[in-house]
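Nothing in this text is a laboratory measurement; each read-out follows from the coordinates by a stated rule. Just so we're clear, the structure is a prediction, and the values are computed from it rather than from any experiment. Cβ: placed from backbone, ideal geometry, glycine included. Neighbour counts: every protein chain shown.
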Amino acid sequence: MSSVMTASGAAAPAAQKSRGVWAASWCRLRADKVGMTALAVVALSLLLVLSAALGLVASGWQKETGVPNAPPSFMGPGAAESASAIEVPKGPNVDLSDIDPLAPKYGEWTERAKQYKTDETPRAQTLPFGADRLGRDVLAKAIKGAEISIMVGLLAAVVATLIGTVLGALSGFYGGKVGDFLEWVYNVFTAMPNILLIFAFAVVFGRGVMPVVMILGLAGWTGIYRLVRAEFIKHSVREYVRSAEAIGASKTSRMFKHILPNVSHVALVQLSAHVVSFIKSEVILSYLGLGVSVDQVSWGTMLSEAQNELILGYWWQLVVVTVFMAIFVTAFSLFTDALRDALDPKLR
């Protein structure tokens, strides 16, 4: 430990440097066992999503590796459907040459067809978590669907947080006509029910990953705007901001260099909370046919397919996608709660 010399010549230990805000928050988060467990589950899920995006896993989710609606391995192969026996009429064969002039050619065509062989890949009778109606592996589809749904939720939350933070900072700091105009825009967006606003944007932007990100981002920034605006109104009159103004700091510097770091915990917690909300919204849009395109798969499209399969008694696709969603959404919600507690200024 470093030391300083006192007036008497004795060495005195130097004052230890206090931990920063983020270091103290991280220490509080590490002390939360539930939060750290949830963080580990979220990290593993994101690693799985990254592997799927790079093609390391679930790259062949479109391949028909099993028989249609193949059951999970623990159930064993499905019972063969009993086909009704076709009774063959007895008696001598009837000469069809008088009825069908092409009858003599049938034998020749049959011999020619035998010369052309088609290689058909054998399909598995069971798969670890079953197959869908086309024989595609449900586990691979769930992993690939997680990539789309989680990526949409993360990107849409980032877009909504950026819009809400910037507009909230401008409205709360400047006030006046700028604040009145932004409040009018906020009221316009909140006047319409959120789900109807999402559907309206979906009709305009169409289907696809990036359109869904823009739809959710443009429809979900209002809550973040309201909280950030209130924080900027509160902090803009505090002494440290007045001191920065007195030494000649510009308005932009005061907004984003002095105030924003002190209210960033609000935006960060809202970002984390909106991820879960936007994943659910993407699932609803894809379930209704307004989300990702037809050549992609997400948790919402899997639920839509599972609805029809469940009527026929094929329940495994519904169970697999529900378990995947429940694990990630629950873990992310618990992590958000732990993050909010760790970043709470009252606990510093």
Step through the residues of region 245-257 one at a time and calculate ³J(HN,Hα) from phi using the Karplus curve (6.51 cos²θ - 1.76 cosθ + 1.60, θ = phi - 60°), rounding each to whole Hz and writing x for Gly and Pro.
5, 5, 8, x, 5, 6, 5, 5, 5, 5, 5, 9, 9
Two-decimal Rg/Rh of region 266-318 from alpha-carbon positions, Kirkwood Rh?
1.14
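What are the trypsin sites (Lys or Arg not before Pro) within region 238-327 that DSSP puts in a loop, where the Cβ has at most 15 other Cβ atoms within 10 Å?
R238
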Find the eigenvalues of the gyration tensor of the Cα atoms of region 231-298, then list the square roots of 5 times those eigenvalues as equivalent ellipsoid semi-axes, largest first, in whole angstrom.
43, 12, 8
Taking region 211-335, the whole-percent share of alpha-carbon pairs separated by over 19 angstrom is 63
For region 295-348 and region 40-62, write down the distance between their C-alpha centroids in whole Å.
15
In nm, to one decimal, how far is the modelled label at V166 from the one at D180, with both set 7 Å along Cα→Cβ?
2.5
When the chain is fully extended, how far beyond the present Cα-Cα distance does D344 get from A53, taking 0.36 nm per residue of separation?
101.3 nm
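With Cβ to Cβ distances under 13 Å as the rule, what net charge do the other residues near L227 carry (K, R +1; D, E -1)? Don't jump to the answer; show the numbers that get you there.
On the way: positive: R226, R229, K234, R340; negative: E231.
Its environment carries a net charge of +3.
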Cα Rg, Dmax (largest Cα-Cα span) when computed across region 97-226, Å:
29.2, 97
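Given the pairs K63/K114; K33/K280; K63/K280; K177/K234; K33/K257, which span a C-alpha to C-alpha distance of over 30 angstrom in this model? Numbers along the way, then the final one.
Working: K63/K114 28 Å; K33/K280 26 Å; K63/K280 27 Å; K177/K234 19 Å; K33/K257 33 Å.
Long pairs (Cα-Cα over 30 Å): K33/K257.
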Rounded to whole Hz and in sequence order, give me ³J(HN,Hα) for region 40-51 from the Karplus expression 6.51 cos²θ - 1.76 cosθ + 1.60, θ = phi - 60°, writing x for Gly and Pro.
5, 5, 5, 5, 5, 5, 5, 5, 5, 5, 5, 5
